[in-house]
Structures are given as structure tokens and as C-alpha cells.
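One structure is given below, encoded as C-alpha cells.
Read-outs: derived from the displayed coordinates by stated rules, not from any lab. Model, not experiment: these values are computed from the prediction. Reconstructed Cβ throughout: ideal geometry from the backbone, glycine too, with neighbour counts over all protein chains shown.
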Amino acid sequence: MATYKSIAYDQVLGNPSAMVLLQTSSVTDGDGDLTFTGLSSDYKEYMITHLNYKSQNDGAGLAIQGTTDGTNYNIAMTTTHFSAYHLEDDSATSLAYNTSGDQAQGAAFNPLTRNVGSGDDEGTCGYIHIFDPSNTTFVKHYLARSQAYAANDNSYDNFSAGYFNTTSAITAIQFQPSTGDMEAGTFKLYGVN
């Protein structure tokens with residue numbers, strides 16, 4: 001009988017071909033945005049991760065928007081955003097809906113994270129799933145989650161979801177900080193089978 005100690009830790013769990021890495025991009029200090037192009041009908045779902053991201057401005061968030069023509073990032077979106085936080089000194093906690101993180105058919109860049117710190121040990125990691133962006137019949141849904149070491153020394157767990165209100169194919173997704181420029185981070189685009 002196998003025991004816990006005898007399990008080989010080099011075994012692949014799940015389906016190794018379920019996620020296909022399509023592109024990796026690193027942010028350099030002073031970048032104003034980061035764009036992933038080439039969303040196509042090859043995959044019904046795409047996932048983009050952001051790892052150790054931070055902007056130049058302390059307290060800035062990370063936001064997204066899409067395009068159907070490769071130029072204009074202004075698709076009408078309906079979104080929602082809530083977050084939980086816990087201060088590092090244990091003086092306060094919260095679970096709250098963030099009205100500043102939602103839109104009702106707005107075309108602005110929509111926040112995924114908020115109040116991210118820019119210190120050496122601060123930043124955020126997370127992911128966004130975009131469902132069937134090449135579909136030309138239905139709107140395009142997304143959901144996102146991120147964890148941030150915030151500018152005011154707390155831990156933020158951010159949740160965002162919504163839809164791009166277009167039946168045209170979304171061909172690219174762009175990320176921008178809510179203020180200032182990007183400073184560091186690695187972004188990865190996956191196609192999901």
C-alpha cells in the first residue's frame with residue numbers, strides 16, 4: 001500500500017495540456033501599458049496572470065480594457081468589484097463592495113486591483129479569465145482575482161467580474177495602472193483547452 005511518504009512528487013497532476021502558454025511579457029520601469037494581441041477562436045477561454053506587478057505610484061491599481069478593432073480600447077463594460085483586507089498590525093479588517101471598481105456600461109479601463117504598494121516588498125499577483133472572446137453572438141464575460149500588498153501595509157484580496165458588452169470579437173486586452181506608469185511585473189497569456 002502506498003503511503004504519503006512514498007508518493008513521487010514529480011508526477012503531473014491533472015491535464016498538463018489544459019493550459020497552453022502563448023506569451024510572456026515583462027513590464028519595465030516607465031511602461032504606460034501592456035497589450036496582449038492575438039486573441040482568436042483557437043481557444044474558448046484565455047487566462048492572463050500578473051506576477052509581482054507594481055506601478056511607479058504608491059497606491060495605484062491595475063486596470064483592463066479590450067478592443068475589437070486593435071486600436072480603440074473602449075468597449076462598454078458592466079462590472080463589479082469587492083475586496084477583503086487585513087491590516088498588517090491587526091488593527092482593522094473589512095469585506096466590502098467597491099463602488100469605485102465597477103461600471104454600468106462604462107467604457108473606461110476597469111480596476112482589477114486597488115491601492116497596490118510600490119515599495120520594494122510590495123506589489124500584486126493575480127489572474128483574469130476571459131471567456132470566448134472571439135464569439136460573435138454573445139457578450140464576453142470575465143472574472144479576476146488578485147492579492148495585493150497594499151500601500152497602507154495591508155493585505156487586499158480583490159475580486160472583479162463582469163462582461164464586455166459587445167458581440168464583436170475581442171482581438172486584444174490592454175492593462176494600465178490607474179495612475180502613473182508601470183514599474184515591474186511579469187504577465188503570462190494562456191489558452192485554455
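Here are some notes:
- For the chain, the relative contact order comes to 39 percent (Cα pairs under 8 Å, sequence separation of at least 6).
- Nitroxide proxy distance, nm - points 7 Å out along Cα→Cβ at SER17 and ALA169: 2.3
- The stretch between THR137 and ASN98, if pulled fully straight at 0.36 nm per residue, gains 11.0 nm over its current Cα-Cα span.
- The range 116-193 and the range 10-84 have Cα centres separated by 5 Å.
- Taking label positions 7 Å along the Cα-Cβ direction at both SER155 and HIS86, the computed distance is 0.4 nm, reported to one decimal.
- Overall form of the chain per C-alpha gyration tensor (a/c, 1.5; a/b vs b/c): oblate
- Comparing mean-square fluctuations of GLY70, GLY59, GLY117 from a GNM of the chain with C-alpha springs under 10 Å, the top value falls on GLY70.
- In loop segments of the range 58-147 as defined by DSSP, the chymotrypsin sites (Phe, Trp or Tyr not before Pro) with at most 13 further C-beta atoms inside 10 Å of their C-beta are PHE138.
- Count of Lys pairs (Cα-Cα under 30 Å; at least 8 positions apart or interchain) in the chain: 6
- Global size of the range 98-167 as Cα Rg and Dmax, reported in angstrom: 14.2, 45
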